[in-house]
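*Asks:* The structure that follows is given in the form of structure tokens.
The values are calculated or read from the model by the stated rules, or taken from the named source; none is laboratory data. Please read these numbers as outputs of a predicted model, since none were measured by experiment. Here Cβ is always computed from backbone atoms with ideal geometry, including for glycine, and neighbour counts include all displayed protein chains. Accessible surface is based on the protein model in full, side chains and every heavy atom, while ligands, DNA and RNA are left aside. Shrake-Rupley method; radii C 1.70, N 1.55, O 1.52, S 1.80 Å.
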Amino acid sequence: MTAAISYKVEELAEITDSEIIGNKDLRINNARGIEESGGSSVTFADQKEYLEMALKSEAAVIVSSHQICKELDSNLKEKKTFLLTDNPRRVYAQIADLLTPRPYESGEISDKSVLADTVKLAENISIHPGVVIAENVEIGKNTVLAPGVIIGPDVKIGANCLLHPGVIIERETVIQDEVIIQSGAVIGSDGFGFATDENGHHKIPQQGNVIIESEVEIGANVTIDRGASGPTVIRQGSKLDNLIQIGHNVEIGEESLLVAHSAVAGSTRLGRRVTLGGQAGVVGHIKLADNTTAAARAMVTSPTNEGDFISGAPAQIHREALKEQAYLRRLPKYIDKIKKLEKRLAELENK
């Protein structure tokens, strides 16, 4: 059974660099939304109306901003303890992470798992029933493999990683520290590479691997293809939502965000902090510059410049795409006007 986790408000303030107003000795053991909060809960309010609701809730501690707390005049503030910061959402996320037990962590290796003799394990690893680990695999300390995880040969997994049920890590994949991979993800399957002639489609061996750097999170049912030659790389701190496809030899830059159903075709490079909205698609062999944002359902077919905000199909600078959409909405009126002009012109020509 997982031991209860709790912190004093004073400890949380120090960890998150927040200012305490109220009882610094209160002990908190859970982080909840406003309506779900209880007497030992911390919640957060990043807008004035939410702070009004939080003050009426059972929450013992409220994370909010200096400005919002100052603006709201309420006698209820005297009954609550506050952690004040310039970024309430970030601070609440930090606290919630501290107070949430890590899933599947047992520190034990199940006798219903199957491990090759050449597997190298560091200390305090959790391996659950149904896990299969092939030869020459190395796994770092405090890593957790949930039920049904399959690890192929010659894989390296770092420390403090968490692989949820049913994750498949194919051969020669390298996963660094603090990586989270959600259920059903497949990392290192063959890329979609074929040579086509009149006799059919001939498979090109996919001889590369996948490298996932530290602090990456990969959502459920994501597929990341191994490189045809050389690696497919997900750089440090990137976050991938569910149901995403990453093609072979793609590079996702540091701290990028890819929203569900987005896809990146082979050999494309995304710079640092690139954001792809839901269902956005990126063609192969192009480069998206740092801080590019592609709106939902954008079809990106050409390189971008740093900081571009693009949308549409094919994608273009967002403000230009909006103009185009506005003109398209007016098109029926233009057609009607053209027909009237054509009719009038014909009448004049017949005189």
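*Asks:* Could you size up the charge dipole of the chain around its Cα centre, putting +1 on the beta carbon of Lys and Arg and -1 on that of Asp and Glu, and report it in debye to the nearest 20?
*Replies:* 1760 debye
*Asks:* Sticking with this structure for a sec: Could you give the length gained on full extension between GLU14 and ASN199, defined as 0.36 nm per residue of separation minus the Cα-Cα distance, in nm?
*Replies:* Result for the pair: 59.8 nm of gain on full extension.
*Asks:* Which distance in nm do the two modelled labels at GLN325 and HIS66 give, with both placed 7 Å along the Cα-to-Cβ direction?
*Replies:* Each label point is offset 7 Å from its Cα along the Cβ direction, giving 3.9 nm.
*Asks:* Taking the chain as a Gaussian network, Cα atoms linked when under 10 Å apart, which of HIS248, HIS202, HIS318 shows the biggest mean-square fluctuation?
*Replies:* HIS202
*Asks:* Take the Cα radius of gyration of the stretch 178-239 and divide it by 2.2 N^0.38 Å, with N its residue count; two decimals is plenty.
*Replies:* 1.33
*Asks:* Just from its helices, what would the mean residue ellipticity at 222 nm be for the chain, if runs of 4 or more DSSP H residues each count -39500 (n - 2.57) and the sum is divided by every residue, rounded to the nearest 500 deg cm²/dmol?
*Replies:* -6000 deg cm²/dmol
*Asks:* Filter the GluC sites (Glu not before Pro) in the stretch 255-349 down to the DSSP loop ones having no more than 13 other Cβ atoms within 10 Å, then list what survives.
*Replies:* When the GluC sites (Glu not before Pro) of the stretch 255-349 are filtered for loop state and at most 13 Cβ neighbours within 10 Å, GLU306 remain.
*Asks:* Here's a follow-up. Give a quick list of GluC sites (Glu not before Pro) in the stretch 26-63 that DSSP marks as loop, anything other than H, G, I, E or B, with at most 15 other Cβ atoms within 10 Å.
*Replies:* Of the GluC sites (Glu not before Pro), the ones in loops of the stretch 26-63 whose Cβ has at most 15 other Cβ atoms within 10 Å are GLU35, GLU36, GLU58.
*Asks:* For the stretch 70-154, what is the accessible area per residue in Å² when the probe is 1.4 Å?
*Replies:* Result: 55 Å² of accessible area for each residue.
*Asks:* Considering only lysines 8 or more places apart in sequence, or on different chains, count the pairs in the stretch 214-351 whose C-alpha atoms sit under 22 Å apart.
*Replies:* Taking the Cα cut-off of 22 Å, the pair count is 8.
*Asks:* With a 1.4 Å probe and every protein chain left in place, work out the accessible area per residue of the stretch 225-316 in Å², rounded to a whole number.
*Replies:* On a per-residue basis, the stretch 225-316 sits at 42 Å².
*Asks:* Now for a separate question. Each residue of the stretch 325-334 in turn: what ³J(HN,Hα) in whole Hz from Karplus with 6.51, -1.76, 1.60 and θ = phi - 60°, glycine and Pro shown as x?
*Replies:* Karplus values, whole Hz, x for Gly and Pro: 5, 4, 5, 5, 5, 7, 4, x, 5, 5.
*Asks:* Over all directions, the average projected area of the alpha-carbon convex hull for the stretch 7-68 comes to how many nm²?
*Replies:* Projected area, direction-averaged: 3.8 nm².
*Asks:* With +1 on each Lys and Arg Cβ and -1 on each Asp and Glu Cβ, and nothing else charged, work out how big the dipole of the stretch 219-267 is about its Cα centre, in Debye to the nearest 20.
*Replies:* That gives a dipole near 80 debye.
*Asks:* I've got another one for you. Applying 1/(1 + (r/R0)^6) with R0 = 35 Å to the Cβ-Cβ distance of SER74 and ASP97, what FRET efficiency is obtained, to the nearest 0.05?
*Replies:* After rounding, the FRET efficiency stands at 0.75.
*Asks:* Return the label of the correct value of P(r) over Cα pairs in 10 Å bins from 0, in percent, as calculated from the structure shown, out of (1) 5, 19, 19, 9, 6, 8, 11, 11, 8, 3, 0; (2) 5, 19, 20, 22, 18, 8, 4, 2, 1, 0; (3) 5, 24, 33, 27, 10, 1, 0.
*Replies:* Structure-derived value, by its label: (2).
*Asks:* With the cut-off at 24 Å, tell me which of the pairs LYS48/LYS77; LYS8/LYS80; LYS120/LYS203 have Cα atoms farther apart than that.
*Replies:* LYS120/LYS203
*Asks:* Once each part is reduced to its C-alpha centroid, what is the distance from the stretch 222-265 to the stretch 111-189 in angstrom?
*Replies:* Taking the Cα centre of the stretch 111-189 as reference, the centre of the stretch 222-265 is 19 Å away.
*Asks:* Run the accessible area of the chain with a 1.4 Å probe and give the carbon-and-sulfur part as a rounded percent.
*Replies:* 50 percent
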